[in-house]
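Asker: Structure below; questions to follow.
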Amino acid sequence: MAVILGIESSCDETSAAICIDGTVVSNIIASQSIHAAYGGVVPELASRVHQQNIIPTVQQAILTAKVTKNDIDAVSFTRGPGLLGALLVGVSFAKAFALARNLPLIEVNHMQAHIMANFIDEPKPKFPFLCLTVSGGHTQIVLVKDYFNFEIIGQTLDDAAGEAMDKTSRILGLPYPGGPLIDQYARLGNPDAYHFPEPQIPGFDFSFSGLKTAFLYFVRDKTAADPDFLKNNLPDICASIEKRIATILMNKLKKAAQQYQIKEIALAGGVSANTGLRNLLQQTTNENGWKAYIPAFQYCTDNAAMIAATGYYKFLKQDFVGQQTAPLARMQF
C-alpha cells in the first residue's frame, strides 16, 4: 500500500492531500481572502499566508485520511510553475518533512497535475487524448500520449482564458475573483445578446488580448451613451462574453480533435469549473461523438489531490528527486 502526501502552494491556495494506492482519501484547501482588497493575488502576501496555513492544512489532511505520519511512504509537491515565494513555502515544507522522516521526494509539474486530475475518479480517459487546460495563468491544448508523455500543441500567445475572465470582470466593476461572478450572472442572461470578435490565430494557439480590448471599448461606448447600461444589462453582458471565451476555446479544441483524429477529450484547470464552458463541451461532445472527461469541481481549482495522485504514478516508477531540488517559477513540461 502506497500512501502519498501531496503539497500544493503555487499561487494563493494552500492545500494538502493524502492518496492511498491511487485513491484520494483527503483533500484540504485553505483559500486566501486577503487578495480581494487588491483586485488580484499579491505574491508577498500569498507566501506569508502559506507559511501560516501549511502546517494546520497538512495536519488536517492526515487526520481526515485516518492515517498517521508513520504511514506516509513519499511526499509529492508542486515544484512549479507558480509564484516563486509561494512555491518556496510548499517545497521547503515537503523537503523538511521528507528529511525528518527519511522519505522519498517527488516533484510535480503543476500543469501536468491539472491534466492528471482526470485520473482521480472514474471514468478515466484512454490514451491518447486531448486535454484543454484552462486556468488563470495558462491556456493550452495538450496531446496526452501516456501518464508522463505530454505534448503542447496549442497555447495562448498573451492572456490566458482565466485572465480574460478576471480582466473583463474588472472592466464591469465586479470584485475579485471575477470569474465565478461572471459565471453566476451569465446563468441569468442571454448569451446571444451581444457579439464579440473571435481572434483569427493560426493553428491551435489562442489570443485573448484583442477580445479584452474590444470588450473595453464596448463597455466604454455603451456607458457613454447610457450611464446605467451595466446595471441594467449585466447578466446579458456576462453571458455574452462568457459564450465568446468558451467558443474560442472550443473551436480550437474541435480543430485539434479533427486533425489528430481523437475523440477522447478532457478539460482541466480552474476555468474548467465554468458552467458555460462545461455546457458547451457537452454540446460539442454530443455533436462530434466525443467522450468527454471533466474532473470534479474540487479537483479543477488548485488542489493537492492532483499533486498526490500524480505523485502516486511517479512513485510506482520510483521517480524521485533529492534535497537539492528548488522551486521553479517557470517550469516546462
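Asker: Would you pick out the residues in segment 172-195 that are farther than 11 Å from CYS238 by Cβ and at pLDDT 95 or above?
Answerer: ASP192, HIS195
Asker: Something else about it: Residue check: is LEU99 on the phi < 0 side of the Ramachandran plot, of a type outside the set (Lys, Arg), surrounded by fewer than 24 Cβ atoms within 10 Å (Cβ to Cβ) and assigned to a loop (DSSP other than H, G, I, E, B)?
Answerer: It is false that LEU99 is on the phi < 0 side of the Ramachandran plot, of a type outside the set (Lys, Arg), surrounded by fewer than 24 Cβ atoms within 10 Å (Cβ to Cβ) and assigned to a loop (DSSP other than H, G, I, E, B).
Asker: Kindly indicate the residue of segment 58-76 that is touching a helix residue (DSSP H, G or I) at 6+ places or on another chain (Cβ under 8 Å) and surrounded by 19 or more Cβ atoms within 10 Å (Cβ to Cβ) and also nearest to ASN109 (Cα to Cα) among those meeting that condition.
Answerer: Result: SER76.
Asker: Output the qualifying pairs, or none if there are none: Cβ atoms under 7 angstrom, residues six or more apart or on different chains, first residue in segment 203-218 and free of Cβ contacts under 8 Å to residues at least 40 places away in the same chain and closer than 17 Å to GLY173 by Cα, second residue of a type outside the set (S, T, N, Q) and open to solvent by 40 Å² or more (accessible area, probe 1.4 Å).
Answerer: ALA214/PRO197
Asker: Let me ask something additional. Out of all the residues in segment 319-326, is one or more part of a loop (DSSP other than H, G, I, E, B), touching a residue at least 12 places away in the same chain (Cβ under 8 Å) and closer than 19 Å to ARG187 by Cβ?
Answerer: Looking for residues that are part of a loop (DSSP other than H, G, I, E, B), touching a residue at least 12 places away in the same chain (Cβ under 8 Å) and closer than 19 Å to ARG187 by Cβ, one finds none in segment 319-326, hence no.
Asker: Only one residue in ALA224, ALA214 is open to solvent by 60 Å² or more (accessible area, probe 1.4 Å) and either of a type outside the set (Val, Ile, Thr) or at pLDDT 95 or above (or both), so which one is that?
Answerer: Testing whether each residue is open to solvent by 60 Å² or more (accessible area, probe 1.4 Å) and either of a type outside the set (Val, Ile, Thr) or at pLDDT 95 or above (or both) leaves just ALA224.
Asker: Let me ask something else about it. Being more than 19 Å from THR213 (Cα to Cα), outside any helix (DSSP H, G or I) and open to solvent by less than 50 Å² (accessible area, probe 1.4 Å) is the filter here; which residues of segment 157-190 pass it?
Answerer: Taking segment 157-190 as the starting set, the residues that turn out to be more than 19 Å from THR213 (Cα to Cα) are 175-177, 180-181, 183-190.
Subset that is outside any helix (DSSP H, G or I): 175-177, 187-190.
The answer is GLY189, and nothing else.
The values are calculated or read from the model by the stated rules, or taken from the named source; none is laboratory data. It should be emphasised that the depicted structure is a prediction, and the values quoted were computed from it without experimental measurement. Every residue, glycine as well, gets a Cβ built from its backbone with ideal geometry; the counts of neighbours run over all protein chains shown. With ligands, DNA and RNA removed, areas are computed over all heavy atoms of the protein, side chains included. Shrake-Rupley method; radii C 1.70, N 1.55, O 1.52, S 1.80 Å.
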